[in-house]
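Q: One structure, as structure tokens, below. Some questions next.
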Amino acid sequence: MSTRSGRRRLEHFSTITMRYIQPSNNILLNVLSAGSDLSASQSARMCRQVDGSGERRGYEGRQVVGDI
């Protein structure tokens, strides 16, 4: 996959995601692995864009033990 098509897919994914998280009656839940940096998370950035006050956001961090 070329960089250009990868960037296009990411933009398309972001556009679709924003369409679903923008309505004010939706609850925004980010589920990240325990080792993830929440401040660097693209999904957390998108949530901050549509919910600056943080009223609709919840975060869940999980540590997975063993093989899945």
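Q: Would you mind listing how long region 3-62 runs along its three principal axes, going by Cα atoms, in whole Å with the largest first?
A: 35, 30, 15
Q: Computed FRET efficiency, Cβ-Cβ of ASN26 and GLN49, R0 22 Å: what is it to the nearest 0.05?
A: Step by step, r from the Cβ atoms, then E = 0.95.
Q: Output the peptides 6-17, 43-54 sorted from most to least packed, where packing is the average of other Cβ atoms within 10 Å over each peptide's residues.
A: Sorting 6-17, 43-54 by mean packing, highest first, produces 43-54, 6-17.
Q: Once amide H atoms are placed 1.01 Å from N in the peptide plane, what residues at a sequence separation of 5 or more from ASP51, or on another chain, have their amide H within under 5 Å of its amide H?
A: Hits under the 5 Å cutoff: none.
Taken together, the values in this text are just the output of simple stated rules run on the coordinates, not laboratory data. Treat the numbers as computed from the prediction; the structure is a model and nothing was measured. Glycine also receives a Cβ, built like all others from the backbone with ideal geometry; neighbour counts cover every protein chain displayed.
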